[in-house]
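This report refers to the structure that appears directly beneath it.
The values are calculated or read from the model by the stated rules, or taken from the named source; none is laboratory data. Not measured: the values here are computed from a predicted model. Note: ideal-geometry Cβ built from the backbone for every residue, glycine included; neighbour counts use all protein chains shown. When the accessible area is computed, the model is the full protein with side chains, heavy atoms only, and any ligands, DNA or RNA have been set aside. Shrake-Rupley method; radii C 1.70, N 1.55, O 1.52, S 1.80 Å.
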Amino acid sequence: VQADGTDGNCVTFVLHDEDHTLGNSLRYMVMKNPDVEFCGYCITHPSESKINFRIQTRGPLPAVEPFRKGLVDLMAVCQHVLSTFE
């Protein structure tokens, strides 16, 4: 993961070897946070397997915090689905 951005609360994360599966589900989890003003992602090109994932927060909250929380929450949801399935 690379993080680009001069402002701490507006950052674009570059996720390598990922596609819409992670991008859309992570975007959903991050947008549940009321401190997130904007969250979106794009696939740079169909032949490249990387995502530009952008987060903009309100106030002094750094963008990396909702990114981490979104990943943790998504892992918890996946664990719950897996345990329910088994």
* Pair list, Cβ under 8 Å, 6 or more apart: the stretch 62-83 residue of a type in the set (D, E), other residue open to solvent by less than 70 Å² (accessible area, probe 1.4 Å) and not in a helix (DSSP H, G or I) -> E65/T57
* Asked: Which of the residues spanning the stretch 32-63 are among the hydrophobic types (A, V, I, L, M, F, W, C) and either in a strand (DSSP E or B) or in contact with a helix residue (DSSP H, G or I) (Cβ under 6 Å, 6 or more places away or on another chain) (or both)?
  -> V36, F38, C39, C42, I43, I51, F53, I55
* Complete set of residues in the stretch 28-64 that are open to solvent by less than 50 Å² (accessible area, probe 1.4 Å) and of a type in the set (S, T, N, Q) -> N33, N52, T57
* Mind checking whether some residue in the stretch 71-80 is among the acidic types (D, E), on the phi < 0 side of the Ramachandran plot and out of contact with any strand residue (DSSP E or B) (no Cβ under 8 Å at 6 or more places or on another chain)? -> yes
